[in-house]
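A short write-up of the structure that comes next.
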Amino acid sequence: MAEFLGNWKRDCRCAELTEQDIGREVTLMGWVSRVRNMGGILFVWLRDRSGLIQLVFDTNHLDEKTYSLAESLRSEFVLAVRGLVKKRDAAAVNDKLKTGTIEVEVKEAKLLNEAATPPIYTDDGANENEAVRLKYRYLDLRRPSMQKMLQVRSKTVNAIRRHMIAEGFIEVETPIMTKSTPEGARDFLVPSRLHPGEFYALPQSPQIYKQLLMLSGMDRYFQFAKCFRDEDSRADRQPEFTQLDLEMSFVEPKDVQTIVEGAFKEVFQEVKGLDISLPLPRMTWKEAMESYGSDKPDLRYGMKIKNMNDWANDCGFSIFETAVNEGKRVCAMKADQASGQLSRKEMDALGEFVKTYHVKGLAWLAINEDGSLRSSFAKFIPQDKMDELLSMMEAKPGDALFLIADKRLTALNAMGQLRVKLAKQLNLADPEAYCLTWITEFPLLEWNEEAGRYTAAHHPFTMPMEEDFSLLEDHPEQVRAKSYDLVLNGVEMGSGSIRIHASDLQEKMFSLLGFTHEEAWTRFGFLLEAFKYGTPPHGGFAFGVDRLMMQLLGTDSLRDVIAFPKAQNASCLMMDTPSEVAEEQLTQLHLKRN
Ligand code: ASP
């Protein structure tokens, strides 16, 4: 029978007690984690969000009613006790428990609630099926690791908010029911009852609102914004996620970056006790692609990619020579001391792997400890050119080399993917290291093969670099943008840019993207109109709080860092959403079942 609190008031959390509290009378409340009945004396672990403490129910000090209450306890019952904090006997100390040197001798107890046997274990050891965990998420969240996750998340968000406020930012909320925004994903739509046949879109980001806030004179805006994108789920994607969204007036990229990196510094200090040194390193997109084959390079390990065209031009191997003649790229990468760890079979598997990135194959070379070579292509290369290759790559016995020839970006991208794969296979990345870097000067546009037109690489409001204005007309593909991404250990944390603040340039951008004047005005007319009324130069950034949490907690699933996430197929297994609605609701919304 559940009892009421009455005049009982909790005065401490379980695992906040330390030896300093010995002799103190405390009132604790929480969940029963485990019961051991030793006959006449009963040990109960009581749990709350701080952790566990051992309670002792001893027949020598207790009336019969309280002792029999203790005997009725089962896992997950909700219990309140009053008792005395005591030091444990030396033999009874439990090193595994934060409170392992103390215990609470119970004087009085109240059973606040019983609990049915939970369908999942609430400790971390149990390897429960994820679908069951998601169905009973409220119980799953009782696990110590999940409790820790939510606490670290709260700390992180607080550290960021503190930083933003200290830097003079104003927190503004923007609508959830809005119009399609320009991030390029599919929208979630909400049918309107009052406007038959019309829909709101859930925001993919507050992009347009935050630009309008600059126009309104807010100067520095931020918000923890929920963003909604109807994309196919992946472990690192959720249909709704949280961004720290910010925008600033009268700034250049460096000003925005300084604010963002300051927020990261604060978070790493607070959550990890790590001191990140600022300013963070910066690398242009071109350099990132040339050296790492990726716009989000993991800098915890080396393996830089080299351009070998000068060597390949007359290397004797016709595949490489032809590639150079056709204006393609021959690139190479060295894995130090990897030769012994890569058998012929593994090399062949790597060859298959790179083919999935649209290159024709992988040329590899492994130097044995005695200096002899194993290789897929060495037999085609004369000795002097081979010596030249080894010396250019500074290759030593035990090293392995990889070469790819293809169209420049195709070859670099495949090599970049191989770099990441090899680093995993060879365990090169230090899991305790955090390498943050800015990637700058992205291309403004991307050619979309399917649509037969350009799309914005970031979004259509991104400012081209002034140096490249003259290329806009004839070589738009060469124009660089004033945009920047923040990358942490090979993962894009977020992106931002300086925005176009002149309506004529914005219209020009829309036309490059293939919008007619009318289309541009139908979709973004309110913005183009607004831009006429004195828009300050402005720019901003947004980073995924969930993604940052994944890095801080060392997990590779977004579902581990969100209290109530969606499953892989975008459904909520706990509430069973999406779900059917009543016919009457459909009618009100002017929708018909098909
Ligand atoms: N709205 C952009 C995004 O969500 C970020 C930005 O440009 O500020 O990626």
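The values are calculated or read from the model by the stated rules, or taken from the named source; none is laboratory data. Here the structure is a predicted model, which is why all the values come from computation and not from measurement. Note: ideal-geometry Cβ built from the backbone for every residue, glycine included; neighbour counts use all protein chains shown.
Which one is surrounded by the fewest Cβ atoms within 10 Å (Cβ to Cβ) among residues in region 244-263 that are hydrophobic (A, V, I, L, M, F, W, C) and in a helix (DSSP H, G or I)?
The residue in question is ILE259.
Being within 11 Å of the ligand (Cβ to nearest atom), under 28 Å from VAL267 (Cβ atoms) and hydrophobic (A, V, I, L, M, F, W, C): is that true of ALA225 here?
So ALA225 passes the test.
Name every residue in region 159-175 that is under 29 Å from LEU552 (Cα atoms), touching a residue at least 24 places away in the same chain (Cβ under 8 Å) and surrounded by fewer than 16 Cβ atoms within 10 Å (Cβ to Cβ), in order of residue number.
Hits for region 159-175 are ARG162, GLU167, GLY168, ILE170, GLU171, GLU173.
Would you mind telling me which numbered condition in (1) within 17 Å of ALA15 (Cβ to Cβ); (2) surrounded by 15 or more Cβ atoms within 10 Å (Cβ to Cβ) VAL93 fails?
(2)
Can you tell me which residue is farthest from LEU418 (Cα to Cα) among those in region 289-313 that are touching a helix residue (DSSP H, G or I) at 6+ places or on another chain (Cβ under 8 Å) and without any contact (Cβ under 8 Å) to a residue 24 or more places away in the chain?
ASN313
Conditions tested, residue by residue: (1) acidic (Asp, Glu); (2) more than 16 Å from the ligand (Cβ to nearest atom).
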| site | (1), (2) |
| --- | --- |
| ASP504 | yes, yes |
| MET509 | no, no |
| ALA520 | no, yes |
| PHE524 | no, no |
| LEU527 | no, no |
| PHE531 | no, yes |
| PRO537 | no, no |
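Kindly provide the set of residues from region 312-330 that are under 40 Å from the mean Cα position of the chain (by Cα) and on the phi > 0 side of the Ramachandran plot, ordered by number.
GLY327
Please go through region 90-124 and pick out each residue that is farther than 20 Å from ILE22 by Cα and in a loop (DSSP other than H, G, I, E, B).
Correct list: GLU114, ALA115, ALA116, THR117, PRO118, PRO119, ILE120, TYR121, THR122, ASP123, ASP124.
Checking the condition assigned to a loop (DSSP other than H, G, I, E, B) and either at negative phi or touching a Phe, Trp or Tyr at 6+ places or on another chain (Cβ under 9 Å) (or both), which residue from ILE160, ILE176 passes?
Every option except ILE176 fails the conditions.
With the condition kept exactly as written, say whether any residue in region 469-484 is closer than 27 Å to ASP546 by Cβ and either among the aromatic types (Phe, Trp, Tyr) or touching a helix residue (DSSP H, G or I) at 6+ places or on another chain (Cβ under 7 Å) (or both).
There is at least one residue in region 469-484 that is closer than 27 Å to ASP546 by Cβ and either among the aromatic types (Phe, Trp, Tyr) or touching a helix residue (DSSP H, G or I) at 6+ places or on another chain (Cβ under 7 Å) (or both).
If LEU5 satisfies every condition in (1) more than 12 Å from ALA80 (Cβ to Cβ); (2) of a type in the set (A, V, I, L, M); (3) part of a loop (DSSP other than H, G, I, E, B) but one, which is the exception?
Result: LEU5 passes all but (1).
Could you check how many residues of region 193-208 are more than 16 Å from the ligand (Cβ to nearest atom) and either in contact (Cβ under 8 Å) with a residue 24 or more places away in the chain or within 10 Å of SER180 (Cα to Cα) (or both)?
Of the residues in that region, 5 qualify.
Quick one: GLU449 ticks every box in (1) surrounded by fewer than 17 Cβ atoms within 10 Å (Cβ to Cβ); (2) in contact with a Phe, Trp or Tyr (Cβ under 8 Å, 6 or more places away or on another chain) bar one, so which box is it?
GLU449 satisfies every listed condition except (2).
Of all residues being in a helix (DSSP H, G or I), out of contact with any strand residue (DSSP E or B) (no Cβ under 7 Å at 6 or more places or on another chain) and among the hydrophobic types (A, V, I, L, M, F, W, C) in region 377-391, which is farthest from TYR292 (Cα to Cα)? Just the residue, please.
Of everything passing the filter in region 377-391, PHE380 is farthest from TYR292 (Cα to Cα).
How about region 539-558: which of its residues are charged (D, E, K, R), crowded, with 20+ Cβ neighbours inside 10 Å and either away from the ligand (no atom under 16 Å from the Cβ) or over 22 Å from PHE169 (Cα atoms) (or both)?
ARG547
From the list TRP447, TRP438, which residue is more than 15 Å from the ligand (Cβ to nearest atom), outside any loop (DSSP other than H, G, I, E, B) and in contact with a strand residue (DSSP E or B) (Cβ under 9 Å, 6 or more places away or on another chain)?
Exactly one residue qualifies, and that residue is TRP447.
Going through region 432-446 one residue at a time, which ones are of a type outside the set (Gly, Ala, Ser) and either closer than 24 Å to ASP275 by Cβ or touching a residue at least 60 places away in the same chain (Cβ under 8 Å) (or both)?
GLU432, TYR434, CYS435, LEU436, THR437, TRP438, ILE439, THR440, GLU441, PHE442, PRO443, LEU445
Exactly one of (1) without any contact (Cβ under 8 Å) to a residue 12 or more places away in the chain; (2) in contact with a helix residue (DSSP H, G or I) (Cβ under 7 Å, 6 or more places away or on another chain) is unmet by THR535. Its number?
Every listed condition holds for THR535 apart from (1).
Quick check on region 472-498: of everything there that is assigned to a loop (DSSP other than H, G, I, E, B) and away from the ligand (no atom under 16 Å from the Cβ), which residue is modelled with the lowest pLDDT?
By that ranking, first place goes to GLU473.
Report yes if some residue within region 125-148 is within 16 Å of the ligand (Cβ to nearest atom), of a type in the set (Asp, Glu) and in a loop (DSSP other than H, G, I, E, B); otherwise report no.
Checked region 125-148: no residue is within 16 Å of the ligand (Cβ to nearest atom), of a type in the set (Asp, Glu) and in a loop (DSSP other than H, G, I, E, B).
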